[in-house]
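Take a look at the structure set out below.
What follows is calculated from the coordinates using simple rules that are stated; it is not laboratory data. Since the structure is predicted, the reported quantities are computational estimates derived from the model, not experimental observations. Don't worry about glycine lacking a Cβ; one is built from the backbone with ideal geometry, like all the others, and counts go over all protein chains shown.
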Amino acid sequence: MTAQHHDGGHDPNLAHHFESMDQQRQSTKLGMWLFLATEILFFGGLFVFYTVYRGNHPEIFVFGAHFLDTALGALNTVVLIFSSFTIAWAVRAAQLKQIKLLKWLIIATMLCAFTFMGVKYVEYSAKWKHGLLWAGSYNPHLDHEETHDVVAVEGEVHTAEADVEIVEIDEVQHVAEGEFVEPIVTEVAIEPVAEVADSDRSTIAPAAEGPGGLATPEAVVAEDVMPVEPANARIFFSIYFMMTGLHGIHVLAGIAIMFWLLHCLRRGDFDTGHFTKIDMLALYWHVVDIIWIYLFLLLYLID
Amino acid sequence: MSEHTESGVHVASMRLLVTIMIVLMIGTWLTVSVTHFDFGFLNIWIGLGIATVKAILVGLYFMHLRWDKPFNAFVFVSAFAFLFLFIGFAMMDTAHYQDVIIPGWPLQ
């Protein structure tokens, strides 16, 4: 080891194959940016899938977006942007050796990540209950907990919740490749509408009606029966689950790395102002945020 | 708007970080509210425009690209350039034979 190595003392964080801390930091950073470029291309394949399908079959996306709750998507966007802010602040705290603040900022970012996954869980489980799933698993149906033992016949139907008169039952709707969905049943309330609680108004929901996490209540009231399902509507849900699923896996990986960072913090890794680990996680987390900004726009905000 | 530590590392100021966060929140509100208006085919481009401005702000300030070595930004932006190439060629290809697959395409 010659004197020209290590300018100014022997930093314990400096690996022996680097000239200086600055060179080490720049090399690490370049490696991270290369990784992030591959991440963009990783998601890129799915964005190509999306663009080609939406370009050729826009009606599938207009139909499918009815089942996504814009409010929940916007909430998740706000949560992720805020977490991007806290992790950017964490980098600043690490640079300035504000260790206690750094700890709380990492925890705040993790809480945001857990909130994001919690909202995703609400959205996913609502779709799971209604069979709005990918490819071959796509089998839209009523949630069995919400259905009642009412035989769908034309005429008056009395249940504990409401009295309705079924005025029309459409033929069982044929969808692509010989699969069936629930018949579209149009019914009217016999009792004055005001006396029936909104949630109980319909005992036999239209095939696509669902609880929070799916269509907005206003849309259900206004349309009652969803627009006719276009052929291959399942493609939308394949794209939805692949894109948000891959993104969700990245959020989970981010949470795991943040647990490790807290471990490093307790070990005292950041006491010397060596902030590279925080910096790299922050770069990764910002890319997760950027991808979600596009996913929110492209999946939820279709009219 | 910014400071440096003794080792020459760029430290973003709190004021800058908070400002960028607020602008990103406003951008999100704008993206959602703009969908209530019908600009026809322009809707998607307006949405993509706002999203791209947000992504650029995140890259420049939260990810420090503004003060970083330009080569890092070049690496990252080149990924998007290749992605556009990928999407562009895929769209050209699929548009080329849609009229064979779907009679009467493009739909009026």
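Observations on the structure shown:
- Each residue, A:Leu111 and B:Thr94, gets one label point 7 Å from its Cα in the Cβ direction; the gap between the two is 4.2 nm.
- Between helix B:42-57 and chain B: long-axis angle, C-alpha atoms, 0 to 90°, nearest 10: 20 degrees
- Label-to-label distance, A:Phe35 versus A:Glu19, with points set 7 angstrom from Cα along the beta-carbon direction: 2.5 nm.
- Were the residues from A:Asn139 through A:Asp303 laid out at 0.36 nm apart, the gain over their Cα-Cα distance would be 56.7 nm.
- Residues B:Val53 and A:Arg267, FRET efficiency given R0 of 45 Å [Cβ-Cβ distance, rounded to 0.05]: 0.70
- Model label points for B:Ser78 and A:Trp104, set 7 angstrom from Cα along the Cα-to-Cβ axis, are 4.3 nm apart.
- The shape of chain B comes out oblate: with a ≥ b ≥ c from the C-alpha gyration tensor, a/c is at least 1.5 while a/b does not beat b/c.
- Available extension along the chain between B:Met25 and B:Lys69 is 13.0 nm, counting 0.36 nm per residue and deducting the alpha carbon span.
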